[in-house]
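Only one structure is covered here, and it is reproduced in the block below.
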Amino acid sequence: MVLTSTIMLAALLTGTSRAFTHTPKTRVISSLPNILTTETLRRKSRSRKPLPPFALGATPSTSFDDGTSPYQVTTPIYYVNDKPHIGHAYTSLACDVIARYMRLSGREVFFLSGTDEHGQKVQQTAEKRGMEPKAFCDEVSESFRDLLTLLNVSNDRFIRTTEEEHKEAVRHLWKVLVDKGAIYLGSYEGWYSVRDECYYNESELVDGKAPTGAEVTWVKKEDSYFFKLSDYQDKLLQYYEEHPDFIAPESRRNEVVSFVKGGLKDLSISRTTFDWGVKVPGEEEGHVMYVWLDALTNYVSALGYPNMEDGSTFSKFWPAALHVVGKDILRFHAVYWPAFLMAAGLPLPRRIFAHGWWTKDGEKISKSLGNVIDPVELVETYGVDPTRFFLMSEVTFGNDGDFSDEKMIYKINANLANELGNLNQRIMTLVYKNCDGAVPVEIGPLTDDDKKLLATAASLCQVTGEAISNQAIHKYVEHMVSMVWDANKYIDVQAPWVLRKTDIDRMKTVLYVLMEVMRHVAILYQPLMPASSNAILDQLGIPENEREFEHLGKEECNVLLGRAISKPFAVFPRFEVPVAA
């Protein structure tokens, strides 16, 4: 007798069934939960109240995101004065994980990255190389584009500030600010960091340098256009108070609020001592725009600004859901950018998240120390997905982190090769060898342990969704690692290799439960490790059109009884810790 889907589900959850036999449209339902890597986290998980379910095509809503609207996520556009480093990779991967998660949840996403190619530093660096600025920018910009490709980053648009469409958008914004009375002509003298492309007050200098450690030079009095930033001090503070989640994490928000409360002076937004930049309208032989006004405008120029008509890309995705930046450039994004937008009468982005910096072996990374971490070398040594996994899981997102090869190897071996990879290979090898190279044709009733593990799977999408919606990428990974830990504990307790000799029917049920668990794990690991996750789904025989999050809740998308599988293979390699010379 073939049970219908509804009867089958009820039977599985109540344990009242006998045995289920495969027919072409009969599948078994699954589910799973969340258990974390330490006993403290596991206790926290057990005490968690169930989250309210969220609809397909959505993610859990927050105070800054409704969970359903089109979602623009952005990296900062990267400055092309040098080749990419680990900080660029880190920001790009964080945005990629979030963008992929949102897409797999059914949301429409616009993921933007690119390069910032104007300014004094770029012009000086090009001159040292004996190159024209545009030729230099072409070369370095391509290295950033290549890095995104290497890291399997899924950005929808790569913008360059030397594009004519972008420059037209910047000039339009300038004219709007002039029309609004937010810009005036004056003169400027003061401290300026060419490396940071930033003005600093005397009180901000530390031992004669910028707070970032960059050298500063005194700019002699020169004509300059100014933006009336001082007019926006109270407006910004009011906005921060009314939108407490606008800047994250909280420690960074407090820094910004303190900076603004310290007093805002009008901002010099043009220079006359170099010419590599967007020319100020009406000043074609004189002023070029301050590089940050130019650069920040990319977030809207990439959406087709100034075209803001209904049905335009701008009207669909702006205001941006999320800007992700390094903590060193938070001021520009959380003070200057909102003030520019307020002055222009444009909506502000919904959320700005500033992450920390990386050190290496406990030391600050610098060229002088010779300890710069090349992300290309990481990928060449460890592979794309292990690199993605380590960078996104090693540090609480928002905090500073320390890199060492030993830490990376330990984490890759422990969480990927030993736990996830070995679990997958154990399951699939047992199925391949003991079930005639196919998913079991029939399974028996579920025990309480089976149901508990499958119930954990059912909540996994919600808890990971909550983490990603709040940019808690580290928590997303913790939930995933916890699920794998639970599955490993389950297989050790159930011991299907022993059941093979004592209770073959029970062995088949245990293996099927584990395959369903792996289906959930692999589908939900796709944002972080897309290639490896899909390799596991291939082994499970999951069709490519059944790998989005909506398929987790569809009974007809469960692992199909009786489906043939291919010979299993290892997904993650193990690495040896290098011996010190």
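The values are calculated or read from the model by the stated rules, or taken from the named source; none is laboratory data. Just so it is clear, the structure is predicted and the values come from calculations on it, not from any experiment. Here the Cβ positions follow ideal geometry from the backbone for every residue, glycine too, while neighbour counts run over all protein chains shown. The accessibility values were calculated without ligands, DNA or RNA, using every heavy atom of the protein model including side chains. Shrake-Rupley method; radii C 1.70, N 1.55, O 1.52, S 1.80 Å.
Here is how the numbers come out for the structure above:
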quantity	calculated
Residues of the range 522-537 classified as without any contact (Cβ under 8 Å) to a residue 60 or more places away in the chain and outside any helix (DSSP H, G or I), total	0
Boolean, Tyr305 is in contact with a His (Cβ under 9 Å, 6 or more places away or on another chain), among the hydroxyl-bearing types (Ser, Thr, Tyr) and buried (at least 22 other Cβ atoms within 10 Å of the Cβ)	yes
Condition check for Glu406: without any contact (Cβ under 8 Å) to a residue 12 or more places away in the chain and out of contact with any strand residue (DSSP E or B) (no Cβ under 6 Å at 6 or more places or on another chain)	no
Cross-chain or 6+ apart pairs with Cβ under 7 Å, the range 157-182 first and among the basic types (Lys, Arg), then part of a helix (DSSP H, G or I)	Arg160/Ser141; Lys180/Ala343; Lys180/Ala344
Those helices (runs of 4 or more DSSP H) lying entirely in the range 439-501 with at least 1 residues open to solvent by less than 40 Å² (accessible area, probe 1.4 Å) and farther than 20 Å from Gly67 by Cα	448-458, 473-494
Residue pairs meeting the criteria (Cβ under 8 Å; at least 6 apart or on separate chains; first closer than 21 Å to Val291 by Cα, in the range 254-280; second basic (Lys, Arg) and assigned to a loop (DSSP other than H, G, I, E, B))	Asp266/Lys228
Residues located in the range 345-358, provided they are open to solvent by less than 40 Å² (accessible area, probe 1.4 Å) and farther than 14 Å from Asp402 by Cα	Leu346, Leu348, Pro349, Arg351, Ile352, Phe353, Ala354
Residues satisfying the stated conditions in the range 394-420, i.e. over 22 Å from Pro578 (Cα atoms) and of a type outside the set (Asp, Glu)	Val395, Thr396, Phe397, Gly398, Asn399, Leu420
Pair list, Cβ < 8 Å and 6+ apart or interchain, from the range 366-379 residues that are in contact (Cβ under 8 Å) with a residue 24 or more places away in the chain and on the phi < 0 side of the Ramachandran plot to residues that are among the hydroxyl-bearing types (Ser, Thr, Tyr) and outside any loop (DSSP other than H, G, I, E, B)	Pro375/Thr387; Leu378/Thr387; Val379/Thr387
Which listed residue, of Asp374, Asp400, Asp361, is surrounded by fewer than 19 Cβ atoms within 10 Å (Cβ to Cβ) and under 14 Å from His88 (Cα atoms)	Asp374
Conditions (1) within 28 Å of Gln238 (Cα to Cα); (2) touching a residue at least 60 places away in the same chain (Cβ under 8 Å): number failed by Leu296	(2)
Yes/no for Lys316 being over 19 Å from Arg331 (Cβ atoms), open to solvent by 10 Å² or more (accessible area, probe 1.4 Å), in a helix (DSSP H, G or I) and not small (Gly, Ala, Ser)	yes
Subset of the range 209-264 (residues that are open to solvent by less than 70 Å² (accessible area, probe 1.4 Å), more than 26 Å from Ser187 (Cβ to Cβ) and part of a helix (DSSP H, G or I))	Leu237, Tyr239, Tyr240, Ser251, Arg252, Arg253, Val256, Val257
Meets criteria (within 25 Å of Gln471 (Cβ to Cβ), surrounded by fewer than 19 Cβ atoms within 10 Å (Cβ to Cβ), out of contact with any strand residue (DSSP E or B) (no Cβ under 7 Å at 6 or more places or on another chain) and hydrophobic (A, V, I, L, M, F, W, C)) for Met342	yes
Among residues of the range 88-134, those that are open to solvent by 20 Å² or more (accessible area, probe 1.4 Å) and either out of contact with any strand residue (DSSP E or B) (no Cβ under 8 Å at 6 or more places or on another chain) or among the small types (Gly, Ala, Ser) (or both), counted	14
Sole exception among (1) open to solvent by 10 Å² or more (accessible area, probe 1.4 Å); (2) out of contact with any Gly (no Cβ under 6 Å at 6 or more places or on another chain) for Val513, by number	(1)
Flag if Leu205 is in contact with a helix residue (DSSP H, G or I) (Cβ under 7 Å, 6 or more places away or on another chain) and touching a residue at least 12 places away in the same chain (Cβ under 8 Å)	no
Residue in the range 138-146 that is touching a Phe, Trp or Tyr at 6+ places or on another chain (Cβ under 7 Å), under 30 Å from Asp385 (Cα atoms), surrounded by fewer than 19 Cβ atoms within 10 Å (Cβ to Cβ) and of a type outside the set (A, V, I, L, M) present	yes
Count - residues of the range 544-581 that are open to solvent by less than 40 Å² (accessible area, probe 1.4 Å), under 22 Å from Cys435 (Cβ atoms) and assigned to a loop (DSSP other than H, G, I, E, B)	7
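So that you can scan it fast, the table gives a plain yes or no per residue for (1) within 21 Å of Leu540 (Cα to Cα); (2) in contact with a Lys or Arg (Cβ under 9 Å, 6 or more places away or on another chain); (3) not small (Gly, Ala, Ser):
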| position | (1), (2), (3) |
| --- | --- |
| Lys411 | no, no, yes |
| Leu420 | yes, no, yes |
| Ala455 | yes, no, no |
| Met483 | yes, no, yes |
| Tyr490 | yes, yes, yes |
| Val517 | yes, no, yes |
| Val521 | yes, no, yes |
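For every residue, the table says whether it meets (1) free of Cβ contacts under 8 Å to residues at least 40 places away in the same chain; (2) under 33 Å from the mean Cα position of the chain (by Cα).
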| position | (1), (2) |
| --- | --- |
| Val498 | yes, no |
| Arg506 | no, no |
| His520 | no, yes |
| Gln539 | no, yes |
| Lys554 | yes, yes |
| Leu560 | no, yes |
| Pro573 | no, yes |
